[in-house]
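One structure is given below, encoded as structure tokens.
The values are calculated or read from the model by the stated rules, or taken from the named source; none is laboratory data. Note that the coordinates shown come from a computational prediction; the quantities given were computed from them, not determined experimentally. Cβ placement follows ideal geometry from the backbone for every residue including glycine, while neighbour counts extend to all protein chains displayed.
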Amino acid sequence: MTLDPILRAAAHLVNKTTPTNHANENLQSVLSARLSKYYTERGVPEVDYDKTNLSAVQLQTAKEALFVVRQVHDTLTLAETNQSEKATVQTEIPALGTRDVSHLRTLISIVFKWGTDALLDRVVPNWTTLALPKAQGSASFVGLTRGPEDYKELCDLTYRLLSIILPSGHRGQLSESFVANILLTRHLSDVLKPCITLGWLPKALSTPSTPVQDDIRPLTMRLLS
């Protein structure tokens with residue numbers, strides 16, 4: 001299996017020609033255009049998301065970045081497995097060039113910057129508000145309306161990241177894939193932040209729409225061991 005198609009599509013997500021002094025509305029447009037080119041390159045329908053909201057555009061970019069990272073991980077892992085199982089047969093492992101590796105590292109950074117970190121920045125203040133007396137917290141009720149949705153997105157991204165590092169669960173071995181190695185050596189603290197937040201959420205702040213993620217605890221402890 002070749003990585004060329006997904007890497008060509010991913011190149012649109014990490015295009016670095018955008019000036020850094022864009023106003024938010026222009027950055028919004030630039031990122032939306034990148035996503036459109038990415039979907040076109042992949043040959044799939046464009047996902048429905050709020051193109052008028054910068055945070056939503058950045059989150060969608062982070063989600064697609066993680067999709068690409070997972071595709072690369074799965075392809076390399078499958079090729080390595082086939083090679084070891086069929087040692088007598090010549091099996092070619094897809095190669096990553098210097099630019100591909102640079103893009104992959106940028107994509108992983110996007111997953112955290114616009115994905116888990118951004119979601120944590122929105123979710124955690126909601127819990128602080130919930131912990132306040134009703135008289136103090138009532139004015140911030142409108143700010144909580146996206147809380148459950150952001151929480152669900154945070155859980156999804158975190159579990160997907162963990163599935164790359166611990167594909168067989170907390171009782172299995174850490175993945176030795178190239179992608180997992182980047183996550184463990186360069187971004188372990190970034191992975192642990194949402195894990196600890198979600199797995200050790202105080203029961204008093206847990207709600208039916210934002211439950212404590214008990215399943216993350218053994219996975220987190222495995223990473224810390």
Q. When both residues are 6+ apart or on different chains and their Cβ atoms are under 8 Å apart, which pairs have a first residue that lies in the stretch 37-49 and is within 11 Å of residue 10 (Cα to Cα), and a second that is exposed (fewer than 15 other Cβ atoms within 10 Å of the Cβ) and not acidic (Asp, Glu)?
A. 39/45; 39/47; 41/5; 41/8; 42/5
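For the condition modelled with pLDDT of 90 or more, closer than 17 Å to residue 15 by Cβ, surrounded by 13 or more Cβ atoms within 10 Å (Cβ to Cβ) and out of contact with any Pro (no Cβ under 8 Å at 6 or more places or on another chain), what is the one hit in 72, 68? Lay out the reasoning, then the answer.
On the way: 72 fails: closer than 17 Å to residue 15 by Cβ.
After applying the criteria, what remains is 68.
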Q: For the stretch 177-213, enumerate the residues that are over 20 Å from the mean Cα position of the chain (by Cα) and charged (D, E, K, R).
A: 203
Q. Which of the following residues is loosely packed, with under 15 Cβ neighbours inside 10 Å, among the hydroxyl-bearing types (Ser, Thr, Tyr), modelled with pLDDT under 95 and not in a helix (DSSP H, G or I): 168, 175?
A. 168
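Go over the candidates 38, 49 one by one and state the one that is at pLDDT 95 or above and hydroxyl-bearing (Ser, Thr, Tyr).
On the way: 49 fails: at pLDDT 95 or above.
So the residue among 38, 49 that is at pLDDT 95 or above and hydroxyl-bearing (Ser, Thr, Tyr) is 38.
Condition check ((1) part of a helix (DSSP H, G or I); (2) surrounded by 13 or more Cβ atoms within 10 Å (Cβ to Cβ); (3) in contact with a His (Cβ under 9 Å, 6 or more places away or on another chain)) across all residues:
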| site | (1), (2), (3) |
| --- | --- |
| 195 | yes, yes, no |
| 214 | no, no, no |
| 218 | yes, yes, yes |
| 221 | yes, no, yes |
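Residue check: is residue 214 of a type in the set (D, E, K, R), modelled with pLDDT of 90 or more and farther than 29 Å from residue 9 by Cβ? Break it down stepwise before answering.
Values: of a type in the set (D, E, K, R): yes; modelled with pLDDT of 90 or more: yes; farther than 29 Å from residue 9 by Cβ: yes.
When the stated conditions are applied, residue 214 passes them.
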